[in-house]
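Beneath this line is the structure, given in structure tokens, with notes to follow.
The values are calculated or read from the model by the stated rules, or taken from the named source; none is laboratory data. Here the structure is a predicted model, which means the values were calculated and not measured. Cβ sites come from the backbone with ideal geometry, for glycine too, and all protein chains shown count toward neighbours. These accessible areas exclude ligands, DNA and RNA; they are computed on the full protein's heavy atoms, side chains included. Shrake-Rupley method; radii C 1.70, N 1.55, O 1.52, S 1.80 Å.
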Amino acid sequence: MERLTEKAPKQSVNSQYVKRKGFYTADCIERLGMYEDTGLTPEEIVELKERDTAKAPIDADEDYGFFTCPSCGEAIYASDNFESHKFCLNCGQRLKWEE
């Protein structure tokens, strides 16, 4: 992704300090720069957000503690201690176990 911002010396004060929609333009440019510093594309950010949203595993055979990851379909074995499996070991999807 092409970078849209560059770091300016702290002493530099110019017309960037215009207030629009409740934010100063300089603040918006600084926030965009922080995002660009991550090196991630917008698609990668969306993917990370989706993966971090907890999803309930699919019951495969609950009596024996076998479940399936809702994202990748890999088997998850969690016999008694569901809390030990907060993420799918295959794809990293956050899991939400029902009480």
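Annotations for the structure displayed:
- Qualifying residues in region 36-68 (those that are in contact with a Pro (Cβ under 9 Å, 6 or more places away or on another chain) and part of a loop (DSSP other than H, G, I, E, B)) - the one farthest from Asn90 (Cα to Cα): Ala56
- A Cβ distance below 8 Å, combined with a sequence gap of six or more or placement on separate chains, defines the contacts here; from region 86-99, residues that are more than 11 Å from Arg51 (Cβ to Cβ) and open to solvent by 90 Å² or more (accessible area, probe 1.4 Å) reach residues that are modelled with pLDDT under 90 and not polar (S, T, N, Q) in the pairs Leu89/Ile76.
Yes/no per residue for (1) in contact with a strand residue (DSSP E or B) (Cβ under 9 Å, 6 or more places away or on another chain); (2) at pLDDT below 70; (3) open to solvent by 60 Å² or more (accessible area, probe 1.4 Å):
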{"position": "Asn14", "(1), (2), (3)": "no, yes, yes"}
{"position": "Lys19", "(1), (2), (3)": "no, yes, yes"}
{"position": "Ala26", "(1), (2), (3)": "no, no, no"}
{"position": "Ile29", "(1), (2), (3)": "no, no, yes"}
{"position": "Glu36", "(1), (2), (3)": "no, no, no"}
{"position": "Leu48", "(1), (2), (3)": "no, no, yes"}
{"position": "Asp63", "(1), (2), (3)": "no, yes, yes"}
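- Reported count of residues in region 75-85, each being open to solvent by 90 Å² or more (accessible area, probe 1.4 Å) and modelled with pLDDT of 75 or more, is 1.
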